[in-house]
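Reviewing the structure listed below.
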Amino acid sequence: FAPFAAQAQQAITSANKIPLQTSPKMRNETRAVVMCMENGHYSKTSLSELDMREFVREYMQNIDIFKMFFTTADVQHFQDFFAQSADIMLHQGTLLPAFSIYDKFVSRAESRLAWIKNRMKQPFDLDQKNAAFRYDRSKENWPASDAEADALWDKRLTLDIIGEMLSYDEPQKPAKGKKTKRKAAAQTEADKKDAPKTYEEKFAKAKAEVLKRYERFIDNYVKFDTIEIEELHLNALTEMYDPHSSFLSE
């Protein structure tokens with residue numbers, strides 16, 4: 001375990017803008033949460049009795065809520081690697097598993113953004129009749145492979161572009177108040193001048209807007225600080241006891 005810890009910590013520090021390390025405060029908080037759950041929860045269940053594979057899975061879903069970045073292979077890898085020692089590390093107060101998994105998530109998210117940028121340069125078939133996509137994938141499985149993940153993202157981007165293009169034809173809601181109406185009318189006229197008119201203009205603008213949206217989306221995703229990661233990790237633990245228990249760092 002020790003050699004891996006040093007190797008993993010080095011990777012975590014180099015892959016993120018801020019070092020992801022367990023602070024003394026976090027170590028104490030983690031130990032306190034473990035003690036409270038084992039001794040204070042009505043179930044009186046020790047960590048050794050919990051399914052640590054499920055704990056790892058729950059934490060990964062807390063990060064990748066809609067299961068669009070990790071793959072089943074990623075989940076399997078971290079379950080195999082951390083499940084046997086996760087309870088020991090929680091008792092010790094170390095957040096190494098949390099940071100290692102999050103570091104992989106950052107890598108996946110940044111790779112996906114690069115893929116999206118490249119995909120936007122390729123043709124899209126907007127006439128697909130069977131391009132259904134469930135945006136809320138929290139109850140779904142992770143994609144089984146990178147190819148399956150690419151197919152999911154292809155559908156998502158296609159529908160996002162269609163939705164964006166349709167929004168250009170939506171009528172604006174009337175504003176309330178005389179001054180507000182005048183400002184809104186002036187803004188509407190300005191928007192009309194800049195609004196895309198042809199199919200090609202709408203398509204190009206929609207692709208650019210969708211790309212910006214995902215740049216912001218993924219940028220926010222990969223900027224979690226250590227406290228947010230700690231909370232996601234320990235909430236995965238408290239949720240193993242019951243869905244109403246949660247941890248919030250002070």
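The values are calculated or read from the model by the stated rules, or taken from the named source; none is laboratory data. None of these values were measured; they are calculated from a predicted model. Note that each Cβ is placed from the backbone with ideal geometry, even for glycine, and that neighbours are counted across all protein chains shown. Areas reflect the complete protein model, heavy atoms only, side chains present, ligands, DNA and RNA absent. Shrake-Rupley method; radii C 1.70, N 1.55, O 1.52, S 1.80 Å.
Quick check: with the 1.4 Å probe, what order do Lys117, Lys202 take by accessible area, largest first?
On the way: Lys117 90, Lys202 35 Å².
These residues rank, largest area first, as Lys117, Lys202.
Among all the aspartates and glutamates, which ones have a C-alpha under 17 Å from Lys223's C-alpha, if same-chain residues fewer than 8 places away are not counted?
By straight Cα distance, Lys223 reaches Asp64, Asp103, Glu110, Glu215, Glu231.
In what sequence, highest mean first, do 60-73, 25-38 appear when ranked by Cβ atoms within 10 angstrom? If you can, show how the numbers build up before the last one.
Numbers: 60-73: 18.9, 25-38: 17.1.
Answer by packing, highest mean first, reads 60-73, 25-38.
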